[in-house]
Amino acid sequence: MRVPFFRVNAFTSDTFGGNPAGVCLLEKWLPDDLLQRIAAENALSETAFLTPTGDSFRLRWMTPAIEVDLCGHATLAAAFVLFTEVGHKQERLFFDTLSGRLCATRLRDTIELNFPSRPPEPCPAPEKLVQGLGLKPLEVLKSRDYVAVFNSADEVQALAPDFAKLAELDCLGIIVTAPGAGAPASQLGPPTRRRDAGAPDANADFVSRFFAPRAGVAEDPVTGSAHCSLIPYWSKRLGKSELFARQVSRRGGELYCRDLGERVGIGGRAVTFCRGELEVL
């Protein structure tokens, strides 16, 4: 069996940036264990599998180790493939997923995902979280993931986590975040050092990194689903509904964010790195 396959770098316009996702176009579902083996063989943060279902698509996401309930960059990659490689003409695509029906809208040069909002709630800082990050956060919250808030992008970028320790936490992933250079210092308490225009957090309202060792992903380059929690948090903290975010991993990524109340808008660009077929026996 041959499966059409695309590798797309999401939340970037750089051929060698963003978060790589695999996209497999299926005519019908394959056994779950085979899907998981394909995802493991791809060795990407997530592989998206989708099948047409009338006016929408059934969409599932798998890391090399597990199936996840929500994935932003692989959804962006799937929508990008349908718009640019398959040639779908409509401006909106709908996906039926473990997190309900999701929408992807084609804008000028970006695609915006409409995802559920997951506001994090304050919680005590688990000792394993502090030990795993190697630095005590200013604030800790939790939704699906732990959210650890730091004072500056420098602190976030300097973290060298103990992934074995973080894997012991009762969550899918750990989000670390801080205000960016674009955030108004008067609304943030301690002032943040302004950066030059070419710096990773220049003009960003906030920055983040994402670790998910329990899911087989030590550090995810760009994590759309994490922004389901980051957007409501930073929107409330900064008093604005439209935000620009950077994920400051080694590859890096850019996200155009909107707080829509019970939903969030997560926009970004994408680029196809390769296209071909998988030989599945």
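The values are calculated or read from the model by the stated rules, or taken from the named source; none is laboratory data. In this text, all values refer to a predicted model and were calculated from it rather than measured experimentally. We place every Cβ from the backbone using ideal geometry, glycine too, and count neighbours over all the protein chains shown.
General remarks:
Residue by residue, here is whether (1) modelled with pLDDT under 95; (2) β-branched (Val, Ile, Thr); (3) touching a Phe, Trp or Tyr at 6+ places or on another chain (Cβ under 9 Å) holds:
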site: 83; (1), (2), (3): no, no, no
site: 97; (1), (2), (3): no, yes, yes
site: 124; (1), (2), (3): no, no, no
site: 133; (1), (2), (3): no, no, yes
site: 142; (1), (2), (3): no, no, no
site: 162; (1), (2), (3): no, no, no
site: 165; (1), (2), (3): no, no, no
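- Subset of the stretch 18-28 that is surrounded by fewer than 24 Cβ atoms within 10 Å (Cβ to Cβ) and at pLDDT 95 or above - its residue that is nearest to residue 277 (Cα to Cα): 25
- Residues within the stretch 104-125 that are crowded, with 19+ Cβ neighbours inside 10 Å and either free of Cβ contacts under 8 Å to residues at least 24 places away in the same chain or over 17 Å from residue 231 (Cβ atoms) (or both), tallied: 1
- Among the residues listed as 52, 64, 4, 20, the single one being in a loop (DSSP other than H, G, I, E, B) and over 25 Å from residue 242 (Cβ atoms): 64
- Within the set 261, 239, 216, the sole residue that is at pLDDT below 95 and surrounded by fewer than 17 Cβ atoms within 10 Å (Cβ to Cβ) turns out to be 216.
- Condition met for residue 214 (of a type in the set (D, E, K, R) and more than 17 Å from residue 144 (Cβ to Cβ)): no
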